[in-house]
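The values are calculated or read from the model by the stated rules, or taken from the named source; none is laboratory data. Owing to the predicted nature of the structure, the values given are computational and were not obtained by experimental measurement. Quick reminder, even Gly has a Cβ in these numbers, built from the backbone with ideal geometry, and neighbours come from all protein chains shown. What goes into the accessible areas is simple: the full protein's heavy atoms, side chains included, and nothing from ligands, DNA or RNA. Shrake-Rupley method; radii C 1.70, N 1.55, O 1.52, S 1.80 Å.
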Amino acid sequence: MLVGIDLGTTNSAVALWKDGAPQLVPNALGKELTPSAVSLAKGGQAWVGQAALDRMATHPADTVTSFKRMIGTATTVTLAGTTLTPEDLSAMVLRSLADDVEAATGERPTQAVITVPAYFNERQRRATRRAGEIAGLEVKRLINEPTAAALAFGLTDRGDREPFLVFDLGGGTFDVSIVEMFDGIVEVRASAGDNRLGGDDFDAALVKLVEPLLDNRTVLDTLPADRRRALLNLAAERTRRALSTAEEAEFSIVVEGEPLTARVSSDAFEEAAASLVKRLRDPVIRALRDCHIDVKSLSDIVLVGGATRMPVVRKALTRMFGRFPNATVHPDHAVALGAAIQAGLLSGGAGLEEIRITDVAPFTLGVGTATRDAHGRFHDDIFAPIIERNTPVPVSRMERFQTLADNQRQVTFAIYQGEARDVKKNVKLGELTVPVPPRPAGEVAVDVRFTYDTSGLLDVDVSVPVSGTTRNLVIVDEEDRRTQKDVAESRKRLEKLKVHPRDEAENVAMLARAERAYEGFTGTARDIIGQALTEFQGALEKQDPRIIADAREGLGRLLDEIDAHSPL
Ligand code: AMP
C-alpha cells in the first residue's frame, strides 16, 4: 500500500487515497496530527508523538523536537544515553504513522510519497529517503510541500496559467513558493524561506511579553533553565492558540503550587510579534523577484501550516497582498492530503487525470574558478554559477572558461552547490580535471556542461574543443555510498528501542500528561493527581481493557479540570 506523508518540523500526518479522495488517517489518540517529537528513557523505552511532547516539560534533556532541521547533517542527538541521527528520529515518526495506517486499514503500508520543503538540497532529500527506508517504507517519490499543497487546494484542476503563492508558516519554519501550472504541469517557479521562523518564535515573543507581568515570578528561578523554558513555551502556545479566536486570553502556569497568570490582549501580542511579522516579507519578495513575477499577477495566496491561523499573520498577509488569502483547505492538513493525491496518481487512482509535476533546482550549481583582476592579481575560489537556483528541471546548461596561465597543462574544476560567491561557503560536490594543450594563457577554451535531472543527479561534462578531449562525472554524493550500511545500522539501533505498542498509546500519553501535571503542582493538588495516577497505574496492572478505559477517562476528566483552571 502506498501512503502520502507530511513529515513536518512540528507535526506530521499521513493520508491515503481512498474511494476517489484523499483521507487523513488518525493516530492512536484519534488526532490527525502527530507531533514530530521523540522521547527516550534509560533502558531504551521510547515515546513518539503527543506523549513525547508531553514529556518535554518533565524530561527536556531526553526529549527532542524539530529534528527535521538537522536532517542531512552529521548532527546526532543523545537522549537518555542513546545516540540517534536525525534520520533515526524521523524514521521513528514515520513508523508510528505506518502503525496508524495499519491499525486503520489492517494493512501495513510498504511504500510512501513523502513531502519535503522545496528548498531541501540533495543531502536533505537523500536523508529523508533514508529515514523512509529505516522505517521500512520504500519512498516512491519525494514531492515538494508547495506542490502537495497545490494538489490539495485543487489548483491543479483550474487550467489557467496564473501563478499562485503558497505561504507556509509552520511551528519552526517558514516557506514561500510561487507555483504555476500549464498544460497539466505543476511547476514550482521559485521558493524562498526562513528556516528559523515559525510558531515557536511567536511563542518566545509571547513569553517575553508576559514574563515581566507575572506576579510571584521569582518562583520561576527555582526551576532549571530548560524546564523553565519548556513550561513557559508550552503555556505561551496555548495562549497564542486561544488568541486565534478571542481578543483576550489568559497566560497561566503553576510552579511549585504557585499559580502565575497574566492576561494578554491580541493587540499587545500583535505589537510583541511585530518584528517577526516583518520578517515574513523578505522571503516573499525574494521568491517573487527570483521568478520575475509581481504581486498583482498572483491569482491566489494559499495558506499552509498551523501558524497561518494566527490573525496577526492573516492581517499582515491581507495588507501585504491587498486581498484575503485562501484557507479553504485546513492549513495543517493540506500537505498530507496533497501527498495522498500524489500517491493516488502514482498508483493510477481512478478519477485522477495525469498531472506531471515539474520542480526547480532548489539551489545554484556551479564551479569554482580563478580570475585575474584589472591589476593582474589572481583571485582563487570564486563561484561561477552554471545552473541558477529556481531553474526548472531537467535542465542542461553550458559555460565556457579559458586557461589562466601560460602553458597550463590541465584545468581542474571543483563543483559546488550554494549561493555564496566564495566557494568555501558552498557545498563541494566533486572535482573534475581535464588535460589541455600547452598554449599562452587565455587561448584554450574549456566547456563545462551541467545536466541536472528530476531525480536530482548532476551530470558534469567537460570538453576541450581544440583537442577534442572530454571528461565526464556523475555526481553521487559521498553520503550515498554509505547509505545501505547506514540504513542497516540504524534499523539495528532502533530495534533496541522499546516503543510502546500502539494499543497502549492512549494509556502512555495519559501517563505522560499526568506526570507533567504532577510535577507542576505541590500540596493538595499534587496529592490528588498523585492518587489518581496510582489508581490509573493499578488499573493498568489489572490488564482488563474496560477497567483501564474507565480509569483513563476518569484521570482525563480530572486533568481537564485542572487544566481549565491552570493550564500548565
Ligand atoms: P505545523 O508545523 O504546520 O504543524 O504548525 C504548527 C504550528 O502551528 C505551531 O506553532 C502551532 O502553535 C501553530 N498552530 C496550530 N493551530 C493554531 C491556532 N489555532 N492558532 C495559532 N497557532 C496555531
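Quick notes
- Residue, nearest to Phe164 (Cα to Cα), within segment 326-346, restricted to residues that are in contact with a Gly (Cβ under 7 Å, 6 or more places away or on another chain) and in a loop (DSSP other than H, G, I, E, B): Pro331
- Looking only at segment 415-430, residues that are crowded, with 18+ Cβ neighbours inside 10 Å and not aromatic (Phe, Trp, Tyr) come to 6 in all.
- Scanning segment 481-524 for residues that are surrounded by 15 or more Cβ atoms within 10 Å (Cβ to Cβ) and modelled with pLDDT under 80, we see that the one that is nearest to Asp100 (Cα to Cα) is His500.
- Residue selection: Val367 fails the criterion of being in contact with a helix residue (DSSP H, G or I) (Cβ under 8 Å, 6 or more places away or on another chain) and modelled with pLDDT of 75 or more.
- Among residues of segment 292-311, those that are part of a helix (DSSP H, G or I) and either open to solvent by 20 Å² or more (accessible area, probe 1.4 Å) or among the aliphatic types (A, V, I, L, M) (or both), counted: 7
- Considering segment 79-90, and only residues there that are polar (S, T, N, Q) and open to solvent by 10 Å² or more (accessible area, probe 1.4 Å), the residue that is nearest to Glu138 (Cα to Cα) turns out to be Thr85.
- Some residue of segment 179-198 being within 16 Å of the ligand (Cβ to nearest atom) and open to solvent by 40 Å² or more (accessible area, probe 1.4 Å): yes
- Only one of Leu533, Leu540, Leu558, Leu568 that is outside any helix (DSSP H, G or I) and either surrounded by 13 or more Cβ atoms within 10 Å (Cβ to Cβ) or modelled with pLDDT of 90 or more (or both): Leu568
Quick grid of which residues meet (1) surrounded by fewer than 16 Cβ atoms within 10 Å (Cβ to Cβ); (2) not in a strand (DSSP E or B):
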| site | (1), (2) |
| --- | --- |
| Met398 | yes, no |
| Ala405 | yes, yes |
| Leu432 | no, no |
| Val460 | no, no |
| Ser463 | no, no |
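- For segment 164-178, a residue qualifies if it is open to solvent by 10 Å² or more (accessible area, probe 1.4 Å) and either modelled with pLDDT of 90 or more or among the acidic types (Asp, Glu) (or both), and the qualifying residues are Asp168, Gly170, Gly171, Asp175.
- Lone qualifier among Thr245, Thr218, Thr222 - being open to solvent by 20 Å² or more (accessible area, probe 1.4 Å), in the same structural domain as Glu270 (by TED's automatic domain parsing), closer than 23 Å to Asp332 by Cβ and among the polar types (S, T, N, Q): Thr245
- Unmet criterion (only one of (1) over 26 Å from Asp62 (Cα atoms); (2) open to solvent by less than 80 Å² (accessible area, probe 1.4 Å)) for Leu213: (2)
- Screening Thr328, Thr308 for residues that are assigned by TED's automatic domain parsing to the domain that holds Glu180 and touching a Leu at 6+ places or on another chain (Cβ under 6 Å) leaves exactly one candidate, Thr308.
- Val93 crowded, with 24+ Cβ neighbours inside 10 Å and either charged (D, E, K, R) or under 28 Å from Leu234 (Cα atoms) (or both): yes
- Single residue of Ala112, Ala37 found to be of a type in the set (A, V, I, L, M, F, W, C) and touching an Asp or Glu at 6+ places or on another chain (Cβ under 8 Å): Ala112
- Considering residues of segment 24-77 that are of a type in the set (Asp, Glu) and in a helix (DSSP H, G or I) only, the residue surrounded by the most Cβ atoms within 10 Å (Cβ to Cβ): Asp54
- Yes/no for Ser252 being of a type in the set (S, T, N, Q), away from the ligand (no atom under 15 Å from the Cβ) and not assigned by TED's automatic domain parsing to the domain that holds Gly306: yes
So that you can scan it fast, the table gives a plain yes or no per residue for (1) in contact (Cβ under 8 Å) with a residue 60 or more places away in the chain; (2) in a helix (DSSP H, G or I):
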| site | (1), (2) |
| --- | --- |
| Val210 | no, yes |
| Arg228 | no, yes |
| Thr245 | no, no |
| Ala249 | no, no |
| Arg263 | no, no |
| Phe269 | yes, yes |
| Leu276 | yes, yes |
| Val284 | yes, yes |
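- Neighbours by Cβ (under 7 Å, 6+ apart or cross-chain): first from segment 1-15, of a type in the set (A, V, I, L, M); second open to solvent by 10 Å² or more (accessible area, probe 1.4 Å) and within 8 Å of the ligand (Cβ to nearest atom): Ala13/Leu33
- When segment 208-267 is filtered for residues that are within 18 Å of Met310 (Cβ to Cβ) and either at pLDDT below 90 or more than 33 Å from the chain's Cα centre (by Cα) (or both), only Leu234 remains.
- Single residue of Arg323, Arg314, Arg289 found to be more than 13 Å from the ligand (Cβ to nearest atom), open to solvent by 30 Å² or more (accessible area, probe 1.4 Å) and either at pLDDT 95 or above or not in a helix (DSSP H, G or I) (or both): Arg323
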